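Input: a single structure, listed below in structure tokens.
The values are calculated or read from the model by the stated rules, or taken from the named source; none is laboratory data. These figures come from a predicted structure and were not determined experimentally. Glycine gets a Cβ as well: all are built from the backbone with ideal geometry, and neighbour counts include every protein chain shown.
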Amino acid sequence: MMAVIFVAPVFAQTVEHTLIRRVAVFPLEASENLSKKSEEVWWELREFLTKDKRFLVATKSFLQQQNVYQPRNELDPAAAIILAKLLDADAVVATYLKDRSLHMAVYEGKFGRPLWAQEVELQPSLRVNDQLGPMTLKLARDFIASIPYQGFVVLDPLKDGAVYRDGRRLMFKADVGLNSEVAVGDAAELIRVKSDHIKPLFTHGATIEVYAQGRVVSIDREVITVEIQRLAKTVEVKEKALVRLPKEKLRLEQQFSLTDPLKNKINPEFISPEITPAKEEVAEHKPLIASLVFIVNLAAVLLFAF
């Protein structure tokens, strides 16, 4: 039998976060007498994550085909990477009950780092069975509120490129999901989310760079059109670029966050020093890509070993 030694990764390089679109959700880990309820909770969580069309969530049959439909608790980076590769997922979600504390954690699939983690205490006076569903969704809402972006750039098949001209104006389109409360005139920003350590990225482990600012000028179901007012000209805006909507972000935090957003905030945040009033043209620029080659290659070796 081959022995595999795993060395914990050191996140010394700055890594840029990419869009979470495809998500794999594993069944809730709890005692055997709660197995039926855990199955129900899995379906409820999957339905919640897909209802706004912000996420594409792996089906039960697909998880079963890959032999990974089973409860899971905390994941180390290598395990998160392997599972994400098997399932072609941008992120994986693990939920587990420990004593009377319900935990949920989301890990990004590329480097296996935690994106967000939270827990809630169940009420001692109520049956655990009755609390698992509502508390799981409460955690899921907190996760949604923690995400620093509320949409992503999409391509218009009738336009040339992610950013296009409308007269002298620079525009882009973004998918913001079906149930957002974005309105015409709201501010919109293009952002980068970066980190150089392993703290949960969406709560206190990242830096945000704003490289474009604009206003929403039209809305067509889940797709908004934004006029760019200021832009870092050396940045090439691409499909799936992260879009932050400050007003919508505040609404989600106020409605769903389990903690005080002022005490649990991504920082520091800064405006790109190259940002200027938008002109008619956008310069092309090869974006900075930082990678953690060691951990990714190691996960690939482990994946093939299985």
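Which of the residues belonging to segment 166-193 are in contact with a helix residue (DSSP H, G or I) (Cβ under 9 Å, 6 or more places away or on another chain), of a type in the set (D, E, K, R) and outside any loop (DSSP other than H, G, I, E, B)?
E189
Pick out the one residue from V193, V163, V184 that is over 27 Å from W116 (Cβ atoms) and buried (at least 18 other Cβ atoms within 10 Å of the Cβ).
Only one candidate passes the filter, namely V163.
Listed here are the residues, each with its yes/no results for (1) closer than 30 Å to T207 by Cα; (2) assigned to a loop (DSSP other than H, G, I, E, B).
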| position | (1), (2) |
| --- | --- |
| I20 | yes, yes |
| K36 | no, no |
| V41 | no, no |
| Y69 | no, yes |
| L75 | yes, yes |
| A79 | yes, no |
| A105 | yes, no |
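Just to be sure before I move on: is P157 within 21 Å of Y107 (Cβ to Cβ) and surrounded by fewer than 21 Cβ atoms within 10 Å (Cβ to Cβ) in the structure I sent?
So P157 does not fit the description; no.
Might you check whether a residue that is over 16 Å from the mean Cα position of the chain (by Cα) and free of Cβ contacts under 8 Å to residues at least 24 places away in the same chain occurs anywhere in segment 66-83?
The answer is yes, given that some residue of segment 66-83 is over 16 Å from the mean Cα position of the chain (by Cα) and free of Cβ contacts under 8 Å to residues at least 24 places away in the same chain.
Would you confirm, using the coordinates I've provided, whether Q66 is at pLDDT below 95 and more than 28 Å from R127 (Cβ to Cβ)?
no
For segment 139-162, which residues satisfy the criterion of being modelled with pLDDT of 95 or more and over 17 Å from the mean Cα position of the chain (by Cα)?
Once the filter is applied, which keeps residues that are modelled with pLDDT of 95 or more and over 17 Å from the mean Cα position of the chain (by Cα), segment 139-162 yields L155, A162.
Being farther than 23 Å from H103 by Cα, of a type in the set (G, A, S) and not in a strand (DSSP E or B) is the filter here; which residues of segment 137-165 pass it?
Residues satisfying the conditions are G161, A162.
Which one of the conditions (1) assigned by TED's automatic domain parsing to the domain that holds V182; (2) within 23 Å of the chain's Cα centre (by Cα); (3) modelled with pLDDT under 95; (4) on the phi < 0 side of the Ramachandran plot does P273 fail to meet, given that it meets all the rest?
(2)
Can you confirm whether F26 is under 26 Å from N179 (Cα atoms), surrounded by 19 or more Cβ atoms within 10 Å (Cβ to Cβ) and not aliphatic (A, V, I, L, M)?
yes
Only residues that are surrounded by 14 or more Cβ atoms within 10 Å (Cβ to Cβ), under 20 Å from the mean Cα position of the chain (by Cα) and over 20 Å from T18 (Cβ atoms): list them for segment 34-49, please.
Across segment 34-49, the qualifying residues are W42, E44, L45, R46, F48.
Counting just the residues of segment 223-241 that are among the β-branched types (V, I, T) and under 21 Å from V193 (Cβ atoms), which one comes out modelled with the lowest pLDDT?
Restricting to residues being among the β-branched types (V, I, T) and under 21 Å from V193 (Cβ atoms), the top hit is T234.
State whether the residues of segment 199-210 include one that is surrounded by 20 or more Cβ atoms within 10 Å (Cβ to Cβ) and modelled with pLDDT of 95 or more.
No; the residues of segment 199-210 include none that is surrounded by 20 or more Cβ atoms within 10 Å (Cβ to Cβ) and modelled with pLDDT of 95 or more.
Among the numbered criteria (1) surrounded by 12 or more Cβ atoms within 10 Å (Cβ to Cβ); (2) at pLDDT 90 or above; (3) not aromatic (F, W, Y), which single criterion is violated by D220?
So D220 meets the others, but not (1).
Against the definition (out of contact with any helix residue (DSSP H, G or I) (no Cβ under 9 Å at 6 or more places or on another chain), assigned to a loop (DSSP other than H, G, I, E, B), assigned by TED's automatic domain parsing to the domain that holds S257 and of a type in the set (A, V, I, L, M)), how does V210 come out, yes or no?
No.
Does segment 183-232 hold any residues that are under 23 Å from D142 (Cα atoms), among the basic types (K, R) and out of contact with any strand residue (DSSP E or B) (no Cβ under 7 Å at 6 or more places or on another chain), and which are they?
The answer is K199, and nothing else.
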